[in-house]
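Remarks on the structure that follows.
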Amino acid sequence: AVAPAVRLFSRDGEEVAEEIPNAAAWQDGAVLQIGEAQYLVERNPPTLTELQLPRSLLAGFPVCPKVSAEFAAPQHCLFRWYHEQRPAVGGEAAASGDGPTWVEASAERVFTPSNALVGLRLKLRCTPGDGAQRYGLPREVESSGPVEAGPGGCTFDSRHLYTKKVCGEGSVRTVSYNILADTYAQTEFSRTVLYPYCAPYALELDYRQNLLKKELAGYSADLICLQEVDKSVFVDSLAPALDAFGLEGLFRIKEKQHEGLAIFYRRDKFSLLTQHDIAFSEALLSDPLHKELCDKVAKYPVVQEKVLQRSSVLQVSVLQSTTDPSRKICVANTHLYWHPKGGNIRLIQIAVALSHIKHIACDLYPSLPVIFCGDFNSTPSSGTYSFINSGGIAEDHEDWVSNGEEERCNMPLSHPFQLLSACGEPAYTNYVGGFHGCLDYIFIDKNALEVEQVIPLPSHEEVTTHQALPSVSHPSDHIALICDLKWK
């Protein structure tokens, strides 16, 4: 058989000569002719590579699709949401094989189904766009199950009354929140020992993600620091959802745990300048910055071994204001060692953290304001809290023997910052069956920043409605801290 003739014509109908290089030959609007068939040439058309809906849909909670595309961006794509039509009461059932009738519901990127849609499935049609009025082929995805009834009131509903709008130009609304990793929520131990009071379905990841996305979206924050973030939760759930609400996310894994830290920042207020994440154990051992501390710790081999075994990390990013480039800020986020008797280990971890932050906020970027968020696993009466707050800790502090004589490791420590807990010292930020206390903080540089308002925590009645946290109306065993900060 004779191969069909292949010819390429430019947009204006001229045949393209064979010696023309590819880059010049293949232009948008050119026509490729193979035998009798003609094909229109389009270069790098906007294309969807992934379109997914969450597995669990709750009435009253935002449904945020996961959208990945080439030569396109989610903010330029077109979205069309549909829901099934409810069969008419007493009417004839649709002839089998017709499938559901879909009714158009919304053209927004994020869709919040109403109670009227409980029991019905959703469908999303997405057309990829590149922002230059070019659109690719649309794709459709149907939800795997129907919309289910939501839990009614949640612990964060009343807090959202204070955070309806993004705060103004010189202010930064900051959130710190340990969101409870799925790795820890779904174990047999968690279900039976840690959270026996929590309905099993409310510990499931898909359910908690619904609550979490609604909670975080409703805070209209500029900065969100999260702890205990599963990698898959970051990639498949939080990053796509918060992206739709204008936030860009950064993730740092704890190697051994499959969970880690995330910092989200509002795109139209900040851009990312640099990242300086570390693992405490590695930094202590190999960064000359910590040599003096490393030598002190080496005198206590049992303690040294314990510090080096921990996979705790510190996330540090330097952000720059998009409206005033002279305004930069150092945002740090961490989750310190958890053990109740680990006060000595936490002191060493926080000493590494503060030296590292000092290197960035004093040496690399002189006089950079600091916001340091996290789950410090330390109550206000602890050595760690006192050290952060006062700038120093004595070598005879009782926390140096927090785990008994064989783990004693006395050393004086200091840091140059003047830090203040922006949300004060709440009665508790962690409330589980066997414990409640204040473990989470947003520390700020009091010379550069001041607190404009602290969003009140949920009332004790709300927290204990279902005995303790987590619950059907609260996705974590911790409570988010939220405050509005402003530059001095």
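Here is how the numbers come out for the structure above:
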| item | result |
| --- | --- |
| Integer Hz, Karplus 6.51/-1.76/1.60 couplings in order for the range 176-188, x for Gly and Pro | 10, 7, 8, 8, 6, 5, 4, 3, 9, 7, 9, 7, 4 |
| Taking the range 155-487 and dividing mean pair separation by its residue count, relative contact order in percent (alpha carbons under 8 Å, at least six apart) | 22 percent |
| Residue-span extension gain [Arg408 to Thr464] - 0.36 nm each, minus C-alpha spacing | 16.3 nm |
| The chain, helix-only ellipticity at 222 nm - DSSP H runs n ≥ 4, -39,500 (n - 2.57), divided by all residues, nearest 500 | -4500 deg cm²/dmol |
| Approximate spin-label separation Gln27-Ala132, in nm, with each point projected 7 Å along Cα-to-Cβ | 1.4 nm |
| Separation of the Arg86 and His339 label points, Cα + 7 Å toward Cβ, nm | 5.7 nm |
| Per residue, in Å², the accessible surface of the range 202-322 once ligands and nucleic acids are set aside, probe 1.4 Å | 36 Å² |
| Check: the range 155-487 dipole with +1 on Lys, Arg Cβ and -1 on Asp, Glu Cβ, in debye | 500 debye |
| Spacing of the two label points (7 Å from each Cα toward its C-beta) at Ser68 and Leu272, in nm | 1.7 nm |
| Charge dipole (the range 43-185, unit charges on Cβ, about Cα centre) - positive-most of Ala132, Pro62, Gly145 | Ala132 |
| Fully extended contour minus Cα-Cα distance, from Ala17 to Leu161, at 0.36 nm per residue | 45.2 nm |
| In Hz, Karplus ³J(HN,Hα) per residue of the range 311-317 (6.51, -1.76, 1.60; θ = phi - 60°; x = Gly, Pro) | 9, 4, 10, 10, 9, 9, 10 |
| Per residue accessible area of the range 333-480, 1.4 Å probe, in Å² | 36 Å² |
| Longest exposed-site-free window of the chain, the sites being GluC sites (Glu not before Pro) in a DSSP loop that have at most 11 other C-beta atoms within 10 Å | 256-394 |
| Whole-number D in µm²/s for the chain (Stokes-Einstein; Kirkwood sum over Cα pairs; 37 °C, 0.692 mPa s) | 129 µm²/s |
| Peptides ranked, highest mean first, by Cβ atoms within 10 Å: ranges 475-483, 110-118 | 475-483, 110-118 |
| Carbon/sulfur fraction of accessible area - the chain, other protein chains in place, 1.4 Å, % | 52 percent |
| Selection of trypsin sites (Lys or Arg not before Pro), the range 189-232, meeting DSSP coil and at most 16 other Cβ within 10 Å | none |
| Length released on extending from Lys488 to Phe9, taking residue separation times 0.36 nm less the Cα-Cα span | 166.0 nm |
| Span-rule helices in the chain, defined as complete DSSP H runs reaching 20 Å or more along the axis (Cα) with Kyte mean at least 0.0 | 343-358 |
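The values are calculated or read from the model by the stated rules, or taken from the named source; none is laboratory data. Every value quoted in this text rests on a predicted model; they were computed, and no experiment measured them. Every residue, glycine among them, receives a Cβ derived from its backbone with ideal geometry; neighbour counts consider all protein chains shown. Calculation scope for accessible area: heavy atoms of the full protein, side chains included, ligands and nucleic acids excluded. Shrake-Rupley method; radii C 1.70, N 1.55, O 1.52, S 1.80 Å.
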